[in-house]
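Take a look at the structure below.
The values are calculated or read from the model by the stated rules, or taken from the named source; none is laboratory data. Being a predicted model, the structure only gives us computed values, none of them experimental. Glycine gets a Cβ as well: all are built from the backbone with ideal geometry, and neighbour counts include every protein chain shown. Accessible surface is based on the protein model in full, side chains and every heavy atom, while ligands, DNA and RNA are left aside. Shrake-Rupley method; radii C 1.70, N 1.55, O 1.52, S 1.80 Å.
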Amino acid sequence: MTLLQLANHGFIALETLSLSPGDIVVDVGGNVGLVAMEMFKAYPHLRFVVQDLPNVIKDAEKVRCNSSCV
């Protein structure tokens with residue numbers, strides 16, 4: 001079971017959500033996107049957006065390319 005933490009609302013099992021191919025998962029305050037990259041491996045049919053401060057996202061681009069440019 002994959003658990004997602006919802007901001008100030010506890011956790012929910014990802015498998016319990018009705019997500020269709022192409023749905024978008026937004027990770028707000030997602031740092032460099034490591035959680036989104038791991039989730040993408042398990043759920044490649046979804047699209048992911050990582051939102052954070054501009055300087056953090058700049059670092060995320062480096063991390064992503066060091067991880068085979070997911």
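Summary table
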| item | result |
| --- | --- |
| In the range 43-57, the residues that are within 8 Å of residue 31 (Cα to Cα), open to solvent by less than 60 Å² (accessible area, probe 1.4 Å) and either touching a strand residue (DSSP E or B) at 6+ places or on another chain (Cβ under 6 Å) or among the polar types (S, T, N, Q) (or both) | 50 |
| Listing of strands (runs of 3 or more DSSP E) fully contained in the chain that carry 1 or more residues being at pLDDT 80 or above and of a type outside the set (A, V, I, L, M, F, W, C) | 24-28, 47-51 |
